[in-house]
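S.K.: Quick one: the structure is below, and I'll ask about it shortly.
Nothing in this text is a laboratory measurement; each read-out follows from the coordinates by a stated rule. Predicted model only: the values in this text are computed from it and were never measured. Cβ sites come from the backbone with ideal geometry, for glycine too, and all protein chains shown count toward neighbours.
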Amino acid sequence: MATTRNSCNAPFIFIKLSYMRHNFAIGRLQADHMMNRSRWFHSLYHHGIYPYDLRMLLWFIHRRHRQLWIAAARALSRSGDGLMQVLLPSLIWLHDGTQGRHFFLLVAMAFALERPLYWVLKNTCQRKRPPEAIPSFTSVIIASDRFSFPSGHTCGAFLLATMTTMYSPALAVPMYLWASAVGVSRVVLGVHFPTDILAGALIGSSIAWLINDIAIAAPF
């Protein structure tokens, strides 16, 4: 009886093993694909952009009165941690009724797109932060995650600045000054390269424009 039962189960065991091998092969292909993309990014960066990026980073780090810069940079960096992205749209909603509610929902939609995209880019490019990439370099603060590109603080700040400017053009100057200062603060604190900041600004602004275009094409 045991021999008969094992014989009957043999085809199912074979199918299960084949399925497991298939899934393993797919997993290996996906991992290799991610690694190849990461290698492509690192090759492009180190052979073209890195010398200029490093030069700009060190220029910020070696400025006179750096301790004063650091004090301001800490405060500016904290302002981009996420509180402003929640507080400002909430205040606008309370102040402006229906239009404010519409603005709040658009900002929420924009960040619902921006956060996953930012996470995917960081974990695909896997660019090391300055303390890991530069020998004997020490950052002022410890970053919340391992990878550097793009800057999440800058991405969120420019997204909010662009969305707020679309809502009220009169706020463009103070909002973009704030967003730029958040980006610079991350370089001064030694947790980002300048190109991380440029990429974050571009991504955040682009997502804001995209969400605005979607809202115009399909109002809700």
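S.K.: Listing Asp196, Asp213 from the residue with the fewest other Cβ atoms within 10 Å to the one with the most, what is the order? All intermediate terms of the calculation are to be shown ahead of the outcome.
M.R.: Values: Asp196 29, Asp213 10.
By the 10 Å Cβ count, ascending, the order reads Asp213, Asp196.
S.K.: Separate question: Note down the net charge around Met109, summing +1 for each Lys or Arg and -1 for each Asp or Glu among other residues with Cβ under 14 Å from its Cβ.
M.R.: Value of the local net charge: 0.
S.K.: Here is a follow-up. Multiply the residue separation of Lys128 and Leu210 by 0.36 nm, subtract the distance between their alpha-carbon atoms, and state the gained length in nm to one decimal.
M.R.: Going from the current span to full extension adds 26.6 nm.
S.K.: Based only on Cα atoms, what mean projected area does the convex hull of the stretch 99-166 have, in nm²?
M.R.: Values: hull surface 22.1 nm².
In nm², the orientation-averaged hull projection of the stretch 99-166 is 5.5.
S.K.: Can you give me the Kirkwood hydrodynamic radius for the stretch 51-217, using every pair of distinct Cα atoms, in Å to one decimal?
M.R.: Radius from the Kirkwood sum: 16.4 Å.
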